[in-house]
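**Student:** Okay, handing you the structure first.
Values quoted throughout were computed directly from the atomic coordinates according to the rules given, and no laboratory measurement underlies them. For clarity, every value in this text was computed on a predicted model and none was experimentally measured. Quick reminder, even Gly has a Cβ in these numbers, built from the backbone with ideal geometry, and neighbours come from all protein chains shown.
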Amino acid sequence: MKKINISIVGTGLMGLQHIKAISKSKKANLHSIVDISENAKKLSNKYKIPLYSNVSSLLKANQLDAVIVATPNKLHEKHTISFLKKKIPVLLEKPISHNIKSAKKIIISSKKNKTPLLIGYHRRHNAIVSKVKTIIRSGKLGNIVSANVLCWFYKHMEYFKESWRTTRGGGPLGINLVHDIDMICYLLGSVTYVQAFTTNKTRKYKVEDTATVNLIFESGALCTLNISDTIVAPWSYELTAGENPAYPVTDQSAYLIGGTNGSIQFPNLRYWYYKKERSWWNKILITKDKNKKDDDTLVNQIDHFSDVVFKKVKPKVNGNDGLISLKIFAAIKKSAKTGRRIRV
Ligand SMILES: NC(=O)c1ccc[n+]([C@@H]2O[C@H](COP(=O)([O-])OP(=O)(O)OC[C@H]3O[C@@H](n4cnc5c(N)ncnc54)[C@H](O)[C@@H]3O)[C@@H](O)[C@H]2O)c1
């Protein structure tokens, strides 16, 4: 099987995960890395791959088929467009960019250069998420009425040594909740209204440490997302999906989705329903899924990216999907500031 040669720009926390995923993929080779850090030199030696100190020098290299951009959000536009202009497909880490204007420029460049752009909302490549999507689509849960998403974890002090994580856009809404926003939109459809509260009371950085967000979907369904990076708890997708070995996995769930005929919780996949009459006075039944947790989500994403590069499929998460979650993110910030509900 022909493999694609991928370079990674930005080999910090996320870039390293991509290096590991590429080494497991049967559809991709690691071509090189681009970074300005001391640590990148160590990675270059460890994985025996060329290191470039900037994108221009990489662009002069041969046999480059595709690139992953995993630099800080403010550099996404500059780095991504420089590849799209050369017709090199990009897997761009989420969020698509640090603001809507910049995100639109990236999308326009992808269209203008007829070059695919895949946004790194990797959860959509998780087998359990695909199963949940199929169950919702099948109508098994009836009409979806409401959803409850918990995103509670405790980030250690070392994490905040990177100063961009304590300033605007570097908080848990932009880093973590955007994943949950993308996922809940993927599962439940378009959002029409957003209302949110945020606080930085515990960590006292310039960004939020905790937020509650309410969404109204076009379908009429409601959803509450509750996030904090300063709560010791097991209930977040990160700590329950088992996708990333950096997070020791718990046997809990983070998502509850409720319909008129049944409810589903996941990643610890369970389906709740009544056999006879639907009544809180009858015993509610449960079906547990026997599937193992999917720990290959990032590899699945790389494999999908390879299929995108070979033009076998369209990106599962395109620039517009990235823009939608960014618009919801902007509406969350506006609502938290003004106290109003915001139309998306
Ligand atoms: N998909 C996910 O689950 C996930 C998780 C974490 C981070 N991310 C995203 O990945 C991106 C990076 O986040 P991170 O946590 O890995 O950050 P990080 O700070 O750990 O890594 C960023 C890397 O970019 C490098 N860099 C900075 N400027 C550069 C430049 N001009 N040229 C080349 N390299 C440069 C830095 O040296 C560093 O190694 C962000 O967009 C973030 O939102 C995604």
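**Student:** Can you pull out every residue in the range 230-245 that is charged (D, E, K, R) and more than 19 Å from ARG165 (Cβ to Cβ)?
**Tutor:** Selection gives GLU243 alone.
**Student:** List every residue pair whose Cβ atoms lie under 7 Å apart, where the two residues are 6 or more positions apart in sequence or sit on different chains, the first residue falls within the range 1-30 and is touching a residue at least 40 places away in the same chain (Cβ under 8 Å), and the second residue, located anywhere, is within 16 Å of the ligand (Cβ to nearest atom) and hydroxyl-bearing (Ser, Thr, Tyr).
**Tutor:** SER7/SER32; VAL9/THR71; GLY10/THR71
**Student:** Continuing with the same structure: If you scan the range 305-314, which residues turn out to be crowded, with 21+ Cβ neighbours inside 10 Å and in contact with a helix residue (DSSP H, G or I) (Cβ under 7 Å, 6 or more places away or on another chain)?
**Tutor:** Listed by number, the list is empty, since nothing qualifies.
**Student:** Okay, next question. Which of the numbered conditions does PRO95 fail, given that it passes all the others? Conditions: (1) within 12 Å of the ligand (Cβ to nearest atom); (2) part of a helix (DSSP H, G or I); (3) of a type outside the set (A, V, I, L, M, F, W, C).
**Tutor:** (2)
**Student:** Among the residues of the range 75-92 satisfying the criterion of being more than 20 Å from the chain's Cα centre (by Cα) and either within 19 Å of ILE302 (Cα to Cα) or surrounded by 24 or more Cβ atoms within 10 Å (Cβ to Cβ) (or both), which is farthest from the ligand (Cβ to nearest atom)?
**Tutor:** Step one: of the range 75-92, the residues more than 20 Å from the chain's Cα centre (by Cα) are 78, 81-88.
Pick out the ones that are also either within 19 Å of ILE302 (Cα to Cα) or surrounded by 24 or more Cβ atoms within 10 Å (Cβ to Cβ) (or both) and you get 83-84, 87-88.
Numbers: PHE83: 13, LEU84: 17, LYS87: 21, ILE88: 16 Å.
Filtering the range 75-92 for residues that are more than 20 Å from the chain's Cα centre (by Cα) and either within 19 Å of ILE302 (Cα to Cα) or surrounded by 24 or more Cβ atoms within 10 Å (Cβ to Cβ) (or both), the one farthest from the ligand (Cβ to nearest atom) comes out as LYS87.
**Student:** It is to be established whether one or more residues within the range 69-84 are of a type in the set (Val, Ile, Thr) and touching a His at 6+ places or on another chain (Cβ under 9 Å).
**Tutor:** For the range 69-84, residues of a type in the set (Val, Ile, Thr) and touching a His at 6+ places or on another chain (Cβ under 9 Å): present.
The rows are residues; the columns are (1) touching an Asp or Glu at 6+ places or on another chain (Cβ under 6 Å); (2) on the phi > 0 side of the Ramachandran plot; (3) part of a helix (DSSP H, G or I).
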{"site": "LYS87", "(1), (2), (3)": "no, yes, no"}
{"site": "SER102", "(1), (2), (3)": "yes, no, yes"}
{"site": "THR115", "(1), (2), (3)": "no, no, no"}
{"site": "LEU118", "(1), (2), (3)": "no, no, no"}
{"site": "ARG124", "(1), (2), (3)": "no, no, yes"}
{"site": "LYS131", "(1), (2), (3)": "no, no, yes"}
{"site": "ILE135", "(1), (2), (3)": "no, no, yes"}
{"site": "LYS140", "(1), (2), (3)": "no, no, no"}
